[in-house]
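See below for the structure under consideration.
No value in this document is a laboratory result; all are computed from the given coordinates. Just so it is clear, the model here is predicted, and its values are computed rather than measured. Cβ coordinates were reconstructed from backbone atoms using ideal geometry, including for glycine residues, and neighbour counts include every protein chain displayed.
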Amino acid sequence: MTAAEPKPGADPQTGGEPAVTPPGRMAMSLAPARPRPPTAQPAFSVLHIENLGDEMRVYWRDGHVSHYLAVWLREAWQRLQTSRRAALDASPLPTVPLANGRFDAFCEPDRIQVHGVRLLGEDQIELRFAPEDSTACFPVDWLRQHSYDDWNRPAAPHRGWPVPFEPPTAELDALLDDPTQTRRWLDQARVTGIALLRNLPCDHGLARHVCRHLGLGDSHDLEFPSTPDTAARPALPPTSRTLHAYRRPVPGWLAMHVQALADDTASLYLVDGAQAASELKAQCPAYFEILCRHPVPYAGADNQASYRSHHRIIETGPRGEPRVICHAPDQMTDLDLSPNIMRDFYRAYRRWQAVVRRKQIAVRIEAGDLWLIDNHRVLHAALGSSRLDYQGIAADRLDARIRALDEQARR
């Protein structure tokens, strides 16, 4: 039976309204739900609910099937009761042992089960847990949005930047006057990995103040990196790379303030590293796996310290998607891999560098530009600039700032 077909036991008069399906497929009735205020039409529609006791399966009308373990539902309900008690209309659960105010699975019964389930209208699903015989009521849209089936599906290939690519651009005064525009610009930076502020003064230290005023926290100074490979071979284009790959952790976001130009041909070379990694994976999965598996050594120094670190060139997320790119040929030291992998690694690395070179694009830069760059994704190199000021921003700060702006907008 496919997910698109109604299951046995569905009410024919309601066109597939889910019937109660307790463990063992025995009929069971729950007490009527208390009257609830009218709610908006849910974005997702349920076709059928199947209760297996230790797991609930929801069959959606769009063909998707979601699995929810009973203990996962019990934990999720406890969190919802704690954080949104006023927003959810359901009988409160009995007091349960908590660790630091949170659900503690160790203190829960050995075997939590869903003893009964039914759909209330079209927007909520009511559950009864055993053995404590308590009731929970989940919004349909919440369950679909938190379905952990989606987290483990293979990720779609990274689409990368459109051609021609125009980075998201804004004026600082407009962002400071309107939180909505700030949120939009930061979200565009998160999506593309890069964004631009135009027409700023060229004062030293300005980048730090801009980061603070935009809510990106207290940034820290980064030494301007040299590019000895380009200087020694000027006929070659500059190699876009990760900044400070020798640090642990590698700086997440960069604020690069262009304070002065050496000539009128100054350019910023950029590579969408995630797109390059996706292309390598599609062309040669074996090489992709080699670069994901084996960390390489990086080294660098400032006037007070000498740094050493190992990082994988490509780090992937739980669904195999490229998540962090660390590519810095000018900072790489002698490889220290196992002899049985060294030859294959060099082949994979050479292929990777060819993809990076092919994906490299150039955009004009002007004095007063401030570029926000995702250093875990976008490889970059500046040519023709005589003075740059780099500020490092925590990798999670952009997401945190966007969430804070969203919460402010909802108030």
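Kirkwood hydrodynamic radius for segment 169-410: how many Å is it when counted over pairs of different Cα atoms? Present the calculation step by step, with values, prior to reporting the outcome.
Details: mean 1/r = 0.0534 Å⁻¹.
That comes to 18.7 Å for segment 169-410.
Using the Karplus equation 6.51 cos²θ - 1.76 cosθ + 1.60 (θ = phi - 60°), what ³J(HN,Hα) coupling, rounded to whole Hz, does each residue of segment 42-55 give in order, writing x for Gly and Pro?
Listing the rounded values in order: x, 6, 10, 10, 8, 8, 7, 10, 10, 10, 9, x, 8, 8 Hz.
Provide the gained length on full extension for the span Arg410 to Arg364, in nm with one decimal, where the gain is 0.36 nm per separating residue minus the Cα-Cα distance. Don't skip to the answer; put the middle values down first.
On the way: separation 46, 0.36 × 46 = 16.56 nm, distance 3.84 nm.
So the extension gain works out to 12.7 nm.
Separation of segment 254-310 and segment 205-220 by C-alpha centroid, Å?
Between the Cα centres of segment 254-310 and segment 205-220 lies a distance of 23 Å.
What is the spin-label model distance, in nm, from Thr265 to Asp54 if the labels are put 7 Å beyond Cα along the C-beta direction?
Output for this residue pair reads 6.9 nm.
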